[in-house]
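The values are calculated or read from the model by the stated rules, or taken from the named source; none is laboratory data. In this text the structure is predicted, and so the values were computed from the model without any measurement. Don't worry about glycine lacking a Cβ; one is built from the backbone with ideal geometry, like all the others, and counts go over all protein chains shown.
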2 protein chains.
Amino acid sequence: MKKNVLDVVQKPTLLVDLQKASANIDAMRAKAAQNNVILRPHFKTHQSARIAELYREAGITAITVSSVEMAQYFAAAGWGDILIAFPLNWREMDAVNALAGEIQLAVLVDSIESADFLTVKASHDMGVWIKVDTGLHRSGIWWQEMQSIEVLAKRIMQSSKLHLQGILTHTGQTYRANSPEAVKESAYASKQAMLEVKKYLSKQGLKDIQVSIGDTPGCRLLDDFNGADEIRPGNFIFFDLEQWQLGVCRPEEIAVAVACPIVSKNIARNELVIYGGAIHFAKETLPYKGRAIYGMVAGNPNTSFGVLQAECLLTTTTQEHGIIEVTPAVFSQYQVGDVIQLFPVHSCLTVQALGEYLEIHSGERISSMVTKRNGCS
Amino acid sequence: MKKNVLDVVQKPTLLVDLQKASANIDAMRAKAAQNNVILRPHFKTHQSARIAELYREAGITAITVSSVEMAQYFAAAGWGDILIAFPLNWREMDAVNALAGEIQLAVLVDSIESADFLTVKASHDMGVWIKVDTGLHRSGIWWQEMQSIEVLAKRIMQSSKLHLQGILTHTGQTYRANSPEAVKESAYASKQAMLEVKKYLSKQGLKDIQVSIGDTPGCRLLDDFNGADEIRPGNFIFFDLEQWQLGVCRPEEIAVAVACPIVSKNIARNELVIYGGAIHFAKETLPYKGRAIYGMVAGNPNTSFGVLQAECLLTTTTQEHGIIEVTPAVFSQYQVGDVIQLFPVHSCLTVQALGEYLEIHSGERISSMVTKRNGCS
């Protein structure tokens, strides 16, 4: 890192290392290619047209988003094959129709009501995926309720505008695993459940049902994707402390950090007080050594982030303040007015909170769809 | 509420009831006047020039903010007496100087290093407050270290540009209290500690030291502010579930809620899945009946928010999804495509996350300094 990149930091700033992000993309792209599945990365992690270009350079053409707003943003940035992997929001149907008139759009449903609504309201051709629950218990039809899935699939197929793509699951339960082995088992069980559903549907005469799976831990740790057609991980472009703790990535692969000015020091408690709090890191916690932490120091004062300081923990965040508990040795390395780099617990939420990136090699400021009004030009 | 106000909701939307907000302001203004203290409300809660006008109508002229950026925003909106109640961030000194040239600005320090930095760098007259820790243990000099406070005060007074205002504390420890009585005791102990410091400084020849205190629970529940010169509560304009649980407000006084479209229903679990998650509510949790919740249903389908449905809890939030566990009776009241209103755990963070308000009586859209780029005109 050029020394002067951190010199420009005046307030909590999201740092990104695009070289690491590109390497992370390449690794996942290679694994997808090897397994002959489509990589349809989830763009909710970075939310940035500029960073999306790294994917384009890697040959990616199909993407996943989590809101209609995000689909609009990336459609405007030239992405022509977008899946909104969120249960259809009836109240945005006009915007969905407008998008479907412009690009190859796919939406997600998990009920007859939504399928019927779509059938009545769809004004353009669009793809439809059925959301299946394989254990996360958030939304979707429980995978063993195969007859319900079949009924829904057939209902969708009755509409001339709706094109059934297949069944889709998000195996977010991998985040509850305690070990890399447990992640693999959970991801494997989810994929096998999806293949069972596909087999059942096939017996009922429903052919060409694609299987879409995806979550970063599973996609990273599964040995193969045998039977799946498509994977939709998102977080892997950046990773974060949660992924590191799950055993999914190494600290040097984490491609984002937050640079924060130090505004106070408390020698009695070995604490650094930073400008950087709940509204910058987001309030996601990681259980770590019996406590809940919000971040971890990500390197040394004068080098680019990449080395965990696993005894230097962001233990408190209020609206704008953060408190970092550090070792005496680290305490003496930083003075009020210095900048300290921290890895976030959950990079997706931290990106959403900060909205704009600073690239650490080039010094480039990179905007996203959540760049704040103050950043408007 | 006019039925059509909720009809316009397409995505997670921050609702505000300006009548309730005004009533909350009036109550605090009256209490401050009765106690002969200045009410310098903290604007980090609403972050909106439009909503700030409610304070102006109530005769308020002095305000508190938590960042230089926020000071810039409100200075541009015509506020001429602003305290940045956050330890001086050296890296924004140019902006601090620029503001001090425009308005009556005050800043906060808690170290000799920062006082010396200010002495060298200040290019305009500015007020300086000394941050004192009375039990929160975030930043500030511990109140019993009175000699350190004295040394710092005298150092500040040596500069011709710096004008020592007094001592300031944030009694955030009231949020850790288990009962309204405990809030009062904590706030009272904090105020008395500040008065001890003032008495000590007075004995050392430091006269005209003002005492600034403030946090919503304490300001609301303390019987009087005897000895203090200024109070700086912020959250009381809106309140939230945390304040309600502390015994600080009644549900009908909470002036904000989040309206979310329902996108899926799970009858087996009596769960409503909403478009509304971590990026809308913020990830602040409230301990409630042995669990951690993110929000609570705030009323009935067709009436304005204001009545707690204390058995209907937002128990899970991921990036865009939320899951509300409801009673069977409530489950049957809502259909996919409907909107449901929820009280947030912490209104300040929810305002920061959503950025724009919808006023429930007038239907007015109200922007804030964090209104997203998509909202830029």
**Complete:** Among the residues of segment A:246-266, the number that are more than 15 Å from A:N300 (Cα to Cα) and not β-branched (V, I, T) is 9
**Request:** Filter segment B:231-283 down to residues that are free of Cβ contacts under 8 Å to residues at least 12 places away in the same chain and within 12 Å of chain A (Cβ to nearest Cβ) and give me whichever is farthest from B:P41 (Cα to Cα).
**Result:** B:A268
**Prompt:** Is there a residue in segment A:247-257 that is β-branched (V, I, T), surrounded by 20 or more Cβ atoms within 10 Å (Cβ to Cβ), out of contact with any helix residue (DSSP H, G or I) (no Cβ under 6 Å at 6 or more places or on another chain) and under 30 Å from B:M93 (Cα atoms)?
**Reply:** no
**Request:** Filter segment A:13-38 down to the residues that are in a loop (DSSP other than H, G, I, E, B) and more than 16 Å from A:G299 (Cα to Cα), then identify the one that is nearest to the other protein chains (Cβ to nearest Cβ).
**Result:** A:V37
**Asked** Just one of A:L15, A:L88 is surrounded by 20 or more Cβ atoms within 10 Å (Cβ to Cβ) and under 24 Å from B:S264 (Cα atoms); which is it?
**Response** A:L88
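So that you can scan it fast, the table gives a plain yes or no per residue for (1) within 14 Å of another protein chain (Cβ to nearest Cβ); (2) on the phi < 0 side of the Ramachandran plot; (3) touching a strand residue (DSSP E or B) at 6+ places or on another chain (Cβ under 8 Å):
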position	(1), (2), (3)
B:L313	no, yes, yes
B:T327	no, yes, yes
B:D338	yes, yes, yes
B:P344	yes, yes, yes
B:C348	yes, yes, no
**Request:** Residue by residue through segment B:151-180, note down the ones that are within 12 Å of another protein chain (Cβ to nearest Cβ) and either part of a strand (DSSP E or B) or touching a strand residue (DSSP E or B) at 6+ places or on another chain (Cβ under 9 Å) (or both).
**Result:** B:H170
**Asked** Are any residues in segment A:32-59 surrounded by fewer than 20 Cβ atoms within 10 Å (Cβ to Cβ) and of a type outside the set (A, V, I, L, M), and if so, which ones?
**Response** A:Q34, A:N35, A:N36, A:R50, A:E53, A:R56, A:E57, A:G59
**Asked** What is the residue count in segment B:122-140 for residues that are within 11 Å of chain A (Cβ to nearest Cβ) and either among the hydroxyl-bearing types (S, T, Y) or more than 25 Å from the chain's Cα centre (by Cα) (or both)?
**Response** 1
**Request:** For segment B:97-121, name all the residues that are crowded, with 21+ Cβ neighbours inside 10 Å, within 13 Å of another protein chain (Cβ to nearest Cβ) and among the aliphatic types (A, V, I, L, M).
**Result:** B:V107, B:L108, B:V109, B:A115, B:L118
**Selection within segment B:303-344 - surrounded by fewer than 18 Cβ atoms within 10 Å (Cβ to Cβ), under 25 Å from B:K283 (Cβ atoms) and either without any contact (Cβ under 8 Å) to a residue 12 or more places away in the chain or touching a Ser or Thr at 6+ places or on another chain (Cβ under 9 Å) (or both)** = B:E311
**Message:** Suppose we keep only residues that are in contact with a helix residue (DSSP H, G or I) (Cβ under 7 Å, 6 or more places away or on another chain) and in a loop (DSSP other than H, G, I, E, B) within segment A:284-301. Which one would you say is farthest from the other protein chains (Cβ to nearest Cβ)?
**Reply:** A:P301
**Asked** Residues of segment B:364-377 being modelled with pLDDT under 95 and either away from chain A (no Cβ under 12 Å) or part of a helix (DSSP H, G or I) (or both), which ones?
**Response** B:R373, B:N374, B:G375
**Request:** State yes or no: is B:V9 touching a Leu at 6+ places or on another chain (Cβ under 8 Å) and assigned to a loop (DSSP other than H, G, I, E, B)?
**Result:** yes
**Message:** Need pairs with beta-carbon distance below 9 Å; first residue within 14 Å of A:D133 (Cβ to Cβ) and within segment A:159-182, second buried (at least 20 other Cβ atoms within 10 Å of the Cβ) and among the aromatic types (F, W, Y); sequence gap 6+ or separate chains.
**Reply:** A:I167/A:W129; A:I167/A:W143; A:L168/A:W129; A:T169/A:W143
**Prompt:** Out of (1) in the same structural domain as B:S362 (by TED's automatic domain parsing); (2) at pLDDT 95 or above, what's the single condition that is false for B:D7?
**Reply:** (2)
**Prompt:** So A:D94 clears everything in (1) in contact with a Gly (Cβ under 8 Å, 6 or more places away or on another chain); (2) within 14 Å of chain B (Cβ to nearest Cβ); (3) over 28 Å from A:W143 (Cβ atoms) except one condition, right? Which one?
**Reply:** (1)
**Prompt:** Given the structure, is A:A76 within 14 Å of chain B (Cβ to nearest Cβ), among the small types (G, A, S) and surrounded by fewer than 16 Cβ atoms within 10 Å (Cβ to Cβ)?
**Reply:** yes
**Message:** Looking only at segment B:302-314, how many residues end up being in a strand (DSSP E or B) and closer than 15 Å to B:I262 by Cα?
**Reply:** 3
**Message:** Yes or no: segment A:40-54 includes at least one residue that is touching a residue at least 12 places away in the same chain (Cβ under 8 Å) and of a type in the set (D, E).
**Reply:** no
**Request:** Return yes when A:D7 is surrounded by fewer than 18 Cβ atoms within 10 Å (Cβ to Cβ) and either within 23 Å of A:G140 (Cα to Cα) or among the basic types (K, R) (or both) and no when it is not.
**Result:** no
**Message:** Yes or no: segment A:231-241 includes at least one residue that is surrounded by fewer than 24 Cβ atoms within 10 Å (Cβ to Cβ) and not in a loop (DSSP other than H, G, I, E, B).
**Reply:** no
**Asked** Among the helices (runs of 4 or more DSSP H) contained in segment A:39-120, which hold 2 or more residues that are over 20 Å from the mean Cα position of the chain (by Cα)?
**Response** A:93-100
**Asked** Considering A:S212, A:S148, A:S202, A:S190, which residue is assigned to a helix (DSSP H, G or I) and buried (at least 23 other Cβ atoms within 10 Å of the Cβ)?
**Response** A:S190
